[in-house]
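Asks: Pasting a structure here, questions to come.
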Amino acid sequence: MARIAGVNIPTSKRVPIALTYITGIGNNVAETICEAVGIDRARRVNELSDAEVLAIREYIDANVTVEGDLRRATTMNIKRLMDLGCYRGLRHRKNLPVRGQRTHTNARTRKGPAKAIAGKKK
Amino acid sequence: MARSIWKGPFVDAYVLKKAEKSRDSGKSEVIKIWSRRSTILPQFVGLTFGVYNGQKHIPVAVTEEMIGQKFGEYSPTRTYYGHAADKKAKRK
């Protein structure tokens, strides 16, 4: 059992892959971490010594924003836009696409499931 | 794609001139501008601009956080009152 950055317990997978289970760490960052700490990419999490796990944990604490902190930062950024009253903020408020996509059709990710309109069928 | 840094921020010349004028006069009045494409510069902070949205000038009080964005972002061009069906659904 390896506990890195709070709640995440990825084990029996290769180290770079296991690290991507942490929010805020993707393939690229995971590889960088392995390189910085000096862990072979082919090794698995359950083969790591306590010292190595600690080294990873310390590296992440010092250099990467992950999990709760990252989520908080993201929501803060969105909230900032909404408070500003700029176009991007307005789009966030209305739960519509922010980056100029069409909304005539599609945009279901932001709008949620389609709502039936009464009397639309001929 | 982002704008090249060597070009500097884009601002229509007349916006700069008007801003400077109102700065010097010291009065707090709405500066009417049509240039929605102009970047908001640090020296605009504290001034109020009336940004044209195609119909009228929307007053925008520039704050520090707005620097680097465009004036047009603060003056929506579309009005959406919702669909008739939405209203009916809400009333229920």
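The values are calculated or read from the model by the stated rules, or taken from the named source; none is laboratory data. Please read all numbers here as calculations on a predicted model, not as lab measurements. No Cβ is skipped: glycine too gets one built from the backbone with ideal geometry, and neighbour counts run over all protein chains shown. Just the protein is used for accessible areas: all its heavy atoms, side chains included, with ligands, DNA and RNA removed. Shrake-Rupley method; radii C 1.70, N 1.55, O 1.52, S 1.80 Å.
Asks: Antiparallel DSSP bridges in chain B: what percent, to the nearest 5?
Replies: Values: 6 of 10 bridges.
So the antiparallel bridges in chain B amount to around 60 percent.
Asks: Can I ask one more? Ignoring everything except DSSP H segments at least 4 long, calculate the 222 nm mean residue ellipticity for chain A; use -39,500 (n - 2.57) per segment, divide by total residues, nearest 500. Mind dumping the intermediate values first?
Replies: Numbers: 6 runs with 59 residues, N = 122.
That comes out to -14000 deg cm²/dmol.
Asks: About its Cα centre, what dipole magnitude does the stretch A:1-99 give when the only charges are +1 on Lys and Arg Cβ and -1 on Asp and Glu Cβ, stated in debye to the nearest 20? Mind showing how you got there, number by number?
Replies: Working: 16 positive and 11 negative charges, 184 e Å.
It comes to approximately 880 debye.
Asks: Which value in nm describes the separation of the simple spin-label points at residue B:78 and residue B:61, placed 7 Å from the Cα toward the beta carbon?
Replies: Between residue B:78 and residue B:61, the simple spin-label model gives 2.9 nm.
Asks: Enter the buried accessible area of the B/A pair, total of both sides, probe 1.4 Å, in Å² rounded to the nearest 100. Walk me through the intermediate numbers first.
Replies: On the way: alone 7170 and 8900 Å², together 15410 Å².
About 700 Å² of accessible surface is lost on pairing.
Asks: State the extension gain, in nm to one decimal, for the chain segment bounded by residue A:7 and residue A:104, taking 0.36 nm per residue of separation less the distance between their alpha-carbons.
Replies: So the chain would gain 30.8 nm between residue A:7 and residue A:104.
Asks: If the convex hull of the alpha-carbon atoms of chain A is projected onto planes in all directions, what is the mean projected area in square nanometres? All intermediate terms of the calculation are to be shown ahead of the outcome.
Replies: Values: hull surface 46.1 nm².
Its average projected convex-hull area is 11.5 nm².
Asks: Would you please give the residues with an amide H less than 5 Å from that of residue B:31, counting only those at least 5 places away or on a separate chain, with H modeled from the backbone geometry?
Replies: B:48, B:49, B:50
Asks: Please compute the average number of Cβ atoms from other chains found within 10 Å of each residue's Cβ in peptide B:67-79. List each step's numbers first, then the result.
Replies: Values: counts 0, 0, 4, 2, 0, 2, 8, 6, 3, 4, 1, 0, 0.
Taking the mean over all residues of the peptide, I get 2.
Asks: Straight-line reach from residue A:111: which aspartates and glutamates have a Cα under 19 Å away, not including same-chain ones fewer than 8 places off?
Replies: Once the sequence-local aspartates and glutamates are set aside, what remains near residue A:111 is B:86.
Asks: Using alpha-carbon pairs under 8 Å, 6+ residues apart, how would you state the relative contact order of chain B in percent? Show your work: numbers first, answer last.
Replies: Working: 119 pairs, mean separation 21.1, N = 92.
Once divided by the residue count of chain B, the mean separation gives 23 percent.
Asks: Would you tell me the mean number of C-beta atoms belonging to other protein chains that fall within 10 Å of each C-beta in A:85-95, as a whole number? Kindly include the intermediate steps, with their values, before the conclusion.
Replies: Working: counts 8, 10, 8, 2, 2, 3, 0, 0, 0, 1, 0.
Taking the mean over all residues of the peptide, I get 3.
Asks: About the Cα centre, and with charges only on the beta carbon of Lys, Arg (+1) and Asp, Glu (-1), how big is the dipole of the protein assembly as shown? Nearest 20 debye, please. Please list the in-between numbers first.
Replies: Values: 42 positive and 19 negative charges, 496 e Å.
Here the size comes out at about 2380 debye.
Asks: To test your reading of the geometry: what angle, between 0 and 90 degrees and rounded to tens, separates the Cα axis of helix A:27-37 from the longest principal axis of chain A?
Replies: Helix A:27-37 sits at roughly 20 degrees to that axis.
Asks: Given the convex hull over the Cα atoms of the protein assembly as shown, what projected area results after averaging over all orientations, in nm²? Don't jump to the answer; show the numbers that get you there.
Replies: Numbers: hull surface 80.9 nm².
The number I arrive at for the protein assembly as shown is 20.2 nm².
Asks: Roughly how many debye, to the nearest 20, is the charge dipole of chain B about its Cα centre, given +1 on each Lys and Arg Cβ, -1 on each Asp and Glu Cβ, and no other charges? Walk me through the intermediate numbers first.
Replies: Values: 18 positive and 8 negative charges, 133 e Å.
Using Cβ point charges on Lys, Arg, Asp and Glu, chain B gives about 640 debye.
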